[in-house]
Amino acid sequence: MLIIESPREMQTWAQEIRSQALTIGFVPTMGALHAGHASLLQHSVNANDKSVLSIFVNPAQFNVSEDFEKYPRTFHSDLEIAAQNGVSVVYAPSVDVMYPPGTSVRVTPGSAAQTMEGPMRPGHFEGVTTVVTKLFNATLPHRAYFGKKDFQQLAVIRQMARDLDFPVEIIGVDTVRENDGLALSSRNIRLSPEARHNAVSISQGLFEARRLHLNRTNSSETLMKTVETFIRNSQCEKIEYVEICDPNTLESIGDTACGAVICVAAWFDGVRLIDNVELKPINDER
Ligand code: AMP
């Protein structure tokens with residue numbers, strides 16, 4: 001497994017692989033790898049000749065610089081997970097290499113960035129679209145893998161790839177969860193035991209809403225209230241949003257019968273968690 005730190009070296013490797021008519025799968029991460037990231041790697045390794053994992057804690061996507069400083073960094077165990085999962089290259093550029101003095105161009109995200117995380121975290125998605133563009137330009141992938149855990153991020157990247165004609169297939173991978181339902185996240189290690197216990201209410205509320213939807217309760221208002229009630233009853237510090245949206249455009253919708261996604265952001269004991277469930281279209285066979 002190679003470790004590459006500069007965009008030029010990364011491009012040279014990728015061009016060489018492409019010249020052999022081999023395919024490249026790409027998994028961008030900020031490190032602190034867990035089983036959710038490993039699942040993305042598995043999808044990539046299974047579908048491509050070579051897989052590149054990037055590890056880069058991107059300062060441009062943190063709107064609070066303290067969060068950037070506090071972000072867990074576990075490079076050595078990340079390398080082990082990468083090797084165990086069959087990664088060919090770990091691309092790990094430094095901040096100075098990614099954003100040398102004088103860098104000023106940014107990629108403006110599209111309409112999917114306007115709701116939910118967008119207004120809550122100003123500049124976040126611009127940081128994401130800019131860094132993903134740079135990472136695509138360095139790794140030259142055929143396919144890139146993103147977790148549905150960050151559903152809005154996936155929608156923003158899909159829009160960007162489509163609108164800017166990136167020759168990359170964007171693939172969404174299902175969320176990996178703990179046994180009790182909590183979505184795996186690098187932030188979970190910051191939860192106190194009590195907050196960890198309470199945070200399961202997010203997935204419980206989402207799963208209950210999905211069950212109601214399948215039983216033809218398709219009013220967004222009712223489903224949102226269901227999710228909110230589960231979370232409120234569990235000592236949640238603050239619910240930032242519970243939204244029900246069209247899974248492609250992320251526009252709010254009032255009825256879920258044609259399919260939807262429910263997205264949540266909530267705080268537990270100083271830790272901000274996000275999660276979502278997809279609601280499949282209901283086939284009305286009556
Ligand atoms: P990050 O944790 O921000 O480094 O995320 C890197 C990639 O891993 C993103 O595409 C995330 O959506 C994805 N990811 C994070 N947590 C999970 C999870 N629990 N299941 C599946 N993918 C995940």
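Summary of computed values
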item	result
In nm, spacing of pseudo-spin labels at ASN233 and ASP67 (7 Å Cα→C-beta vector)	3.0 nm
Extended-chain gain in nm, criterion 0.36 nm per residue less alpha-carbon gap, ILE189 and VAL97	30.2 nm
Stokes-Einstein D (µm²/s) once Rh is taken as the Kirkwood radius of the chain over alpha-carbon pairs, at 37 °C in 0.692 mPa s	165 µm²/s
The stretch 33-170: radius of gyration over Cα atoms, expressed as a fraction of 2.2 N^0.38 Å	1.04
Qualifying trypsin sites (Lys or Arg not before Pro) in the stretch 49-142, DSSP loop, other Cβ atoms within 10 Å at most 15	ARG73, ARG106
At 1.567 mPa s and 4 °C, Stokes D of the stretch 244-286 from Kirkwood alpha-carbon radius, µm² per second	111 µm²/s
GluC sites (Glu not before Pro) restricted to DSSP loop in the stretch 199-242 with at most 15 other C-beta within 10 Å	GLU237
The chain: relative contact order as a whole-number percent, Cα under 8 Å and 6+ apart	17 percent
Rounded, prolate or oblate (a/c below 1.5 giving rounded, otherwise prolate when a/b exceeds b/c) for the stretch 138-286 by Cα gyration tensor	oblate
Two-site FRET efficiency, SER252 against PHE75, from Cβ-Cβ distance with R₀ of 35 Å, rounded to 0.05	0.30
Rough spin-label spacing in nm, given labels placed 7 Å along Cα→Cβ, for ASP49 and SER19	1.3 nm
DSSP-defined beta bridges in the chain - what % are antiparallel, rounded to 5	50 percent
Helix-derived mean residue ellipticity, 222 nm - over the chain, DSSP H n ≥ 4, -39500 (n - 2.57), to 500	-12000 deg cm²/dmol
Dipole magnitude of the stretch 1-151, debye to nearest 20 (Cβ charges: Lys/Arg +1, Asp/Glu -1, about Cα centre)	340 debye
Stretch gain in nm, segment PHE207-ASP163, where the contour uses 0.36 nm per residue and the Cα spacing is subtracted	12.5 nm
Theoretical gain in end-to-end length, ASN283 to TYR241 [0.36 nm per residue, Cα-Cα removed]	12.3 nm
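Readers should treat all values here as calculations from the given coordinates under stated rules, not as data from a laboratory. As the structure is a computational prediction, the values presented were derived from the model and not from experiment. Positions of Cβ are backbone-derived with ideal geometry, glycine not excepted, and every protein chain shown enters the neighbour counts.
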